[in-house]
Each structure stands twice: as C-alpha cells, then as structure tokens.
Amino acid sequence: MADKNRWEEYNESELNELDALCGEYKTFLNNGKTERECIKIIKSMALEAGFKELKGFADLKKGDKFFIEKMGKTIALFVMGKKPVEEGINIVGAHVDSPRLDLKQNPIYETDGLCYADTHYYGGIKKYQWLETPLALHGVVVKKDGTSVDICIGEDADDPVVVISDLLVHLSQKQMSGKANEIIEGEKLDIILGNRPAVSDDEDGKEQLKKNVLNILAEKYDFEEDDLMSAEIEAVPAGKARDCGIDRSMIMSYGQDDRVCAFASLKGILEIDEPERTACCLFVDKEEIGSVGATGMHSHFFENVVAEIVALSAGESELKVRRALENSSMLSADVTAAYDPMFAFAFDKKSAAQFTGGLALCKYTGSRGKSGSNDANAEFIAKLRNIFDDNNAKFQFAELGRVDVGGGGTIAYIMANYGMEVIDAGVPLLGMHAPYEISSKVDVYESYKGYKAFMNEMI
Ligand code: MN
Ligand code: MN
C-alpha cells in the first residue's frame, strides 16, 4: 500500500487513453441498461471492428473474427489464434445482467387514486435503496404475431420518470426502529405510473387511471394490456453515468456490476488481431440469479459454440471439443468489493481490493470456509502475474470481505467444471448492487489492459 498512486505514474498519452476509454465506457452504460440493450451495443461495436456472424463462415482460420449470440441476451466474440483450437482458448467471461425490478406479467392496476405497476425484483438488492429514486422503464413487448416493440421511458430529458414512494419520516417511528430488510416488502415495491383519469364518455367509469396509462402506452408503442403477458420490462434507475468526485477520478452509474468488466474486456478483444491461442470474450446473462436458464453460464451454449468452431477449423471431433475446453484458460471477469473505510469492519484491509489498485484477482470466492468457490491454481496465477507485469497492467489480490462476514459467487466455478484454469479477475466497486455503483477510472483502464494482455499472451 506504500506504492505511488497510479495516477502519478501515468504519462500524458496514458491519461488521454484513460479519458477516452472512460468516456466511451459511460456511453456504453447509458445505452446498455438491460442485458438485451448491452448485447445490441456489443454486437454493433463488434461489427464496426470487423467481426462477422459465425454462420457466414464456411471454414475458420487464424485471424478470423466472429460472434454468435443467443436470444439477444448472451453473445460470444472470438478471434481465431495461430494455434489449433484444441490447444485451448483464452476466455474472458463477464455478465451483462444487473439487479433491477422486473414488471410482473399482469402488472398494471389502480387503487385509491393511483395507478401502479407490480414488480418482482431481480438479483440481490437492499430493497429500501429503490424507494424515492427516479426510475426508467426499459424492455421489450412481444405481440402475438411475433412483432416486438422496444420500450424506453424515462431517459430523455423530456421524458417522465416513475417512482416507488417511501413513508414520510414524520410517521416512520416504527419503520425506522425495525430491521433494514423490513423497511419495505418485496411485494410493496410497486411503481407509481400515474393518477390522471382517461378522458372518455363511453365508459363505465371504472379504472380510468389505468385506462389512461394504457392509452398513452398504446399511442406511443402500439400494444394492448394483454401484450404485457409476453413482455420483459425492467425498472432501472433513470439517468446517465456521471463522473464522480471533484477530481473526476471515479464513475458513478447504475449497472456497473458487471458492465464494467464487460466493457473493459470488449475493448480488449476488439483490438486483438492474431493471438497465439484463440481469444474469446463471453457476455452472459442471469448471473445475478444463479447463472440459470438458456442464456446463463450453466447452459450448454458455450460448449456448443466451441463444437461449431472445432468443426469449422479442424473437422468435427468430440474429442477435440473436450480438449479445447479443458486446455482453455479463463478470467472470470466480475466485479469485487472495493475497500470502504466507512465500513472497515466488513473487510480485511490487507486482503481487500483498493481503488486504483488495478484488476482485482480473487483466488477464491465463496463464503464460510471457501464454500462454493473456484480455487484458482497457483501455477496459473504465476503465469498471469508474468503477463500482467510484462504489459504494465496493474493488478492486486483481493477477497470479498472478512472471512466470516459473507461472500458471493461468480461464473468461475461453472467453467472450471471442464477442467480449465479459471480465476476471478474484476474491477472493484463501492456500493455494489446499489442503484448507483462507483468505480475508479484507473481500475477500468488497468483492467482493460490486463484482459487484453491475457487474451493475447496466455499460452
Ligand atoms: Mn457480478
Ligand atoms: Mn452482482
């Protein structure tokens, strides 16, 4: 910790590069507030950098750049290496889903002069943090004929926002003396949509507030209430990513878990041309609810993609697919907790990630005796140290909090099931899973350098 602060070590061109990267990162956050929106941006950035859809290739050779996506919620980018795929792939895997409030399938109702949307929260949240903060609605409504409509309300300066109310402090004696997890029930996280009745003369006068809201939605997006049954609408904090701190040293934004690692690794792979081993960035969904489902890391999506690549580069071979997976190396690129002096009790300072410390490597995650963790191999860690040092990418070792305090998992253990080398390597955040999370610009920049060096050089 006696090291010079990283800011003091940068020369002018590095500072310019850091600024440009973080500017682009904020745009990425602003345009990618749902997993679907993130996949869209990743795809368009990949196309611009010369990547093509895998299905357009008759065969694959070194230097080929391609992507394959699933359900618009997960995508894998590859740059074919000089070595055969069966010798392994250098994978950086991040997730693009973030904690939020999902609208239920029959969400809109009115009561006592207010129209509401019912929600069901997604991922681990402190529920009280979502009260009295401006929310935007993002998502997709798919109609019976298969046409789909993208929804976004609350992001333009002229747009209205929506909100969940909290109880006034004057009447909160009971609420304030209770437990924080009982401040608001999940079932009460209902969003206020309006309180103005529809203007009509032909109706029975029932549910005019709800009718008005549905009319406005129908006018703008052309769908009916029943279409919400086949919709995915997410309430997320409204507004843009901002520089944070008087010195602009940090970024404050919704959804940095895990779009910060997604962005940093994406920037890395877009700049890779002919790596030794095939390079891959994986952007998955559903990490926040256990990596389940067709678009989560537990699905066979990635394995199937590797089988396609083996077939197109070396001929169909189940054995080569297994070898490719087992010989691969992976950085499980997910955020970790930055040391917070205001909550020092939760951390072992010597083993906590520090802002400006760079890419945080967690040998193991898990909780209570490393339960549920992937424990990375020392030999693999030694190789990584060498690559990061050679490329001047700053890194640090971290654990998520004090031994007995808690813990958390990532996608690392899932990929380790193939027998590949995996370690958690991500950007430290303050306030992880809060509506607005905080990152240090230095760590965004150093992580980008680290991910890129790993994809280029790990053998
Ligand atoms: Mn995460
Ligand atoms: Mn998370």
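If the segment from HIS300 to GLU316 were pulled out straight at 0.36 nm per residue, it would be longer than the present Cα-Cα gap by 4.0 nm.
Solvent exposure of region 301-442, expressed per residue, is 44 Å² of accessible area, with all protein chains present and a 1.4 angstrom probe.
Accessible surface of region 3-99, 1.4 Å probe: 48 percent of it comes from carbon and sulfur atoms.
In a fully extended conformation the segment linking ASN16 and ILE289 would gain 94.5 nm over its present Cα-Cα distance, using 0.36 nm per residue.
The residue list CYS280, VAL260, TYR436 was ranked by how far each Cα lies along the charge dipole of the chain toward its positive end, using unit charges on Cβ atoms, and CYS280 comes out on top.
In nm, what is the difference between 0.36 nm times the number of residues separating LYS220 and ASP158 and their Cα-Cα distance?
Working: separation 62, 0.36 × 62 = 22.32 nm, distance 1.47 nm.
Fully extending the segment from LYS220 to ASP158 adds 20.9 nm.
Ordered from highest to lowest accessible area with the whole protein assembly present and a 1.4 Å probe, ILE164, ILE41 read as ILE41, ILE164. Mind running the shape call on region 209-287? Use the C-alpha gyration tensor, a ≥ b ≥ c as the square roots of the eigenvalues: rounded below 1.5 for a/c, prolate if a/b tops b/c, oblate otherwise. Cα axes put region 209-287 in the oblate bin.
Considering only the chain, what is the antiparallel percent among its DSSP beta bridges, to the nearest 5?
Working: 53 of 76 bridges.
Beta bridges within the chain, antiparallel portion: roughly 70 percent.
Packing-wise, with mean Cβ within 10 Å as the measure, how do 211-217, 244-250, 190-196 rank, highest first? Write out the running numbers ahead of the final one.
Details: 211-217: 18.9, 244-250: 13.1, 190-196: 17.1.
Descending packing order for the listed peptides: 211-217, 190-196, 244-250.
Placing dummy labels 7 Å off each Cα toward the beta-carbon, the span from ARG385 to ASP348 is 1.8 nm. Put a plus charge on the Cβ of each Lys and Arg, a minus charge on the Cβ of each Asp and Glu, and nothing anywhere else: the dipole of the chain about its Cα centre is then about 1300 debye. Based on alpha-carbon atoms, the Kirkwood radius and the radius of gyration of region 38-132 give Rg/Rh equal to 1.20.
Please give the peptides 326-335, 300-309, 344-353 ranked by average Cβ packing (other Cβ atoms within 10 Å per residue), highest first, as a rough proxy for protection.
Working: 326-335: 25.4, 300-309: 18.6, 344-353: 15.8.
Peptide ranking by packing, descending: 326-335, 300-309, 344-353.
Put +1 on the Cβ of each Lys and Arg and -1 on the Cβ of each Asp and Glu in region 31-153; which of ALA136, THR34, VAL96 then has its Cα farthest toward the positive end of the dipole? Farthest along the dipole direction, towards plus: VAL96.
Too long at a 28 Å Cα-Cα cut-off: which of LYS240/LYS350; LYS40/LYS104; LYS55/LYS286; LYS4/LYS350; LYS73/LYS449?
Numbers: LYS240/LYS350 34 Å; LYS40/LYS104 24 Å; LYS55/LYS286 25 Å; LYS4/LYS350 17 Å; LYS73/LYS449 26 Å.
Distance filter (> 28 Å) returns LYS240/LYS350.
What's the FRET efficiency of THR27 with LYS144 using the Cβ-Cβ distance as r and R₀ = 30 Å, to the nearest 0.05?
Working: r = 35 Å, r/R0 = 1.18.
So, using R0 = 30 Å, E works out to roughly 0.25.
Under a model in which nothing but the beta-carbon of Lys, Arg (+1) and Asp, Glu (-1) is charged, region 287-346 shows a dipole of about 220 debye around its Cα centre. With equal scatterers on the alpha carbons only and no solvent term, can you work out the Debye log10 of I(q)/I(0) for region 184-337 at 0.10, 0.13, 0.18 1/Å? Evaluating at q = 0.10, 0.13, 0.18 Å⁻¹ gives log10 I(q)/I(0) of -0.68, -0.92, -1.23.
What is the Rg over Rh value, at two decimals, for region 109-248, using alpha-carbon atoms and the Kirkwood definition of Rh?
Working: Rg = 17.4 Å, Rh = 17.2 Å.
The Rg/Rh ratio comes out at 1.02.
Calculate for the chain the 222 nm mean residue ellipticity that helices alone would give, adding -39,500 (n - 2.57) per DSSP H run of length 4 or more and normalising by residue count, nearest 500 deg cm²/dmol. The helix contribution divided over the chain gives -9000 deg cm²/dmol.
Here THR336 sits with roughly 10 square angstrom of accessible surface, probe radius 1.4 Å.
Report note on the peptides 175-186, 393-404: ranked by the mean count of other C-beta atoms within 10 Å, highest first, their order is 393-404, 175-186. Taken over the Cα atoms of region 253-344, the convex hull encloses 151 Å³ per residue. Dimensions of region 27-66 along the principal axes, based on C-alpha atoms and rounded to the nearest Å, stand at 36, 16, 11, largest first.
Do any GluC sites (Glu not before Pro) in region 52-144 lie in a DSSP loop with no more than 12 other beta carbon atoms within 10 Å, and if so, which? Could you put the intermediate results ahead of the total?
Working: sites: GLU53, GLU69, GLU86, GLU87, GLU110, GLU132; in loops: GLU132.
Here the sparse-neighbourhood loop sites are GLU132.
All alpha carbon pair distances within the chain were sorted into 10 Å bins beginning at 0; the resulting P(r) in whole percents reads 4, 20, 29, 24, 15, 6, 2, 0.
Look at the dipole of the chain built from charges on Cβ: of ASN417, MET71, LEU47, the Cα furthest out on the positive end belongs to ASN417. Under the simplified labelling scheme, the PHE57-ARG196 pair shows an inter-label distance of 5.4 nm, with each label point 7 Å from Cα along Cα→Cβ.
The values are calculated or read from the model by the stated rules, or taken from the named source; none is laboratory data. The model shown is predicted, which means the values in this text are computed figures rather than measured ones. In this analysis, Cβ positions are derived from the backbone assuming ideal geometry, glycine residues included, and neighbour counts consider all displayed protein chains. Surface areas here come from the heavy atoms of the whole protein model, side chains and all, with no ligands, DNA or RNA. Shrake-Rupley method; radii C 1.70, N 1.55, O 1.52, S 1.80 Å.
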